[in-house]
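Structure record follows, encoded as structure tokens.
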Amino acid sequence: MKKLFIAIGIVLLGVIAWFFLKKSPAPKQKIETASVERTDMSRLVTATGTLEPIINVEVGTQVSGIISKIYVDYNSNVKKGEILAELDRTTLESELASQTSAMKGAKVEYEYQEKNFARMKELHQKQMISDTEYETALYSFEKARNSYDKSKSDMVKSKTNLGYATIYSPIDGVVISRAVDEGQTVAASFSTPTLFTIANDLTKMQVIANVDEADIGEVEVGQNVSFEVDAFPNDVFQGEVTQVRLEATTTSNVVTYEVVINAPNPDLKLKPGLTANVTIMTLEKNNVLSVPSKALKYKADASSNEKAVWVLRNGIEEKVSVKTGYDDRINTEIIEGLKEGDKVITGSSLESTADNSPQGESSSPFMPTPPGKKK
């Protein structure tokens with residue numbers, strides 16, 4: 001009996017050793033391929049911007065005074081040369097009258113000194129007066145002439161300022177802002193105060209978009225643009241890049257560039273100041289021969305500038321040089337080297353050889369099996 005137990009123990013040890021020491025089959029390499037096919041390629045740049053009128057004029061005043069009359073309001077349609085407002089003219093008219101009077105006095109003095117100098121000059125030529133008397137007459141004449149010229153300039157200036165008391169519209173358009181009320185005093189001592197803002201034509205708007213420095217290299221004039229505004233969430237508006245400005249703006253260490261996009265607005269739905277979420281189509285090509293971009297990285301030689309892919313033909317990998325075009329970060333255009341239907345290798349992986357038992361665990365021959373499952 002003792003020998004029987006020893007024999008059974010030896011058998012059990014052998015089975016256990018075989019179970020733990022048996023070798024799993026070597027994993028197989030799995031080749032991943034993709035077909036060369038024709039696709040539509042596109043690449044997008046997103047940004048945010050603000051809607052603005054194409055021509056936006058701030059109308060101010062060059063003279064100080066009290067606003068006596070306003071003829072327009074918000075959203076008023078105006079024509080070029082139309083009166084927008086008037087300043088009180090009392091002080092300006094008084095100044096003009098004063099300058100006019102001063103000019104008349106300077107004119108009388110000038111005419112007197114001119115005649116006196118003419119007489120003194122004649123006498124001096126006949127040596128009937130001294131050089132000093134002649135020079136004194138010349139000095140008085142030139143001084144009177146300069147005073148007269150200055151008084152004429154002062155009168156013209158006063159007359160011009162009186163004209164500035166009437167504010168005219170410089171363009172045809174719509175009043176989108178009014179910054180003053182009747183009775184308000186405006187001071188033009190150091191800068192021109194803005195009274196009105198007039199947009200030329202709201203049927204033609206533009207979006208000033210701020211594009212990140214990482215994307216600005218792809219943006220060019222003429223590219224198609226679509227944008228949305230929160231005011232009309234179900235509408236998509238179309239436009240086109242008209243200008244890429246060179247001046248950079250840095251905000252919180254983020255560098256952006258302004259891109260101008262025209263935004264036709266025939267139904268006047270878009271309003272100045274709306275925020276636009278912009279999508280710029282920087283690449284748009286249809287029906288081009290392409291492969292997944294990762295195919296160009298399979299077995300890529302970092303020391304070589306050659307563009308190549310590996311093609312699977314009759315189960316054999318073959319290296320093929322290619323000429324590439326654009327890419328949309330997913331696919332790459334193939335210009336030369338491949339034809340539609342070729343199978344390119346995009347990668348490889350080790351094929352799993354794990355047992356199909358639950359949770360991938362090996363089952364012991366000595367453990368009971370679930371009902372219905374064969375040992």
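Numbers at a glance
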item: Net lengthening on full extension, Lys150/Asp131 (0.36 nm per residue, minus Cα-Cα); result: 4.0 nm
item: Charge dipole magnitude, Cβ of K and R +1, D and E -1 - the chain, Cα centre, debye nearest 20; result: 2240
item: Whole-Hz ³J(HN,Hα) from phi, Karplus 6.51 cos²θ - 1.76 cosθ + 1.60, for the stretch 124-138, glycine and proline x; result: 5, 5, 8, 6, 9, 10, 7, 5, 5, 5, 5, 5, 5, 5, 5
item: Rough spin-label spacing in nm, given labels placed 7 Å along Cα→Cβ, for Val57 and Glu336; result: 5.8
item: Computed label-point distance, nm, for sites Lys107 and Asp73 using a 7 Å Cα→Cβ extension; result: 4.7
item: Rounded if a/c under 1.5, otherwise prolate or oblate - the stretch 214-287, Cα gyration tensor axes; result: oblate
item: Mean Cα-pair separation over length for the stretch 217-270, i.e. relative contact order, pairs under 8 Å, 6 or more apart, %; result: 30
item: Thr332 long-range amide H proximity, modeled H, under 5 Å; result: Val291, Ser293
item: In nm, spacing of pseudo-spin labels at Lys121 and Asn234 (7 Å Cα→C-beta vector); result: 8.8
item: Rounded to 5, the percent of DSSP beta bridges in the chain classed as antiparallel; result: 100
item: Global form of the chain, assessed from the alpha-carbon gyration tensor, a/c cut-off 1.5; result: prolate
item: The stretch 282-325-the stretch 97-132 distance, computed between alpha-carbon centres (Å); result: 97
item: Of all accessible heavy-atom area on the chain, the percent that carbon and sulfur account for (1.4 Å); result: 51
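The values are calculated or read from the model by the stated rules, or taken from the named source; none is laboratory data. Keep in mind the model is a prediction, meaning the values are calculated, not measured. Methodologically, a virtual Cβ is constructed for each residue, glycine included, from the backbone with ideal geometry; neighbour enumeration extends over all protein chains shown. Surface areas here come from the heavy atoms of the whole protein model, side chains and all, with no ligands, DNA or RNA. Shrake-Rupley method; radii C 1.70, N 1.55, O 1.52, S 1.80 Å.
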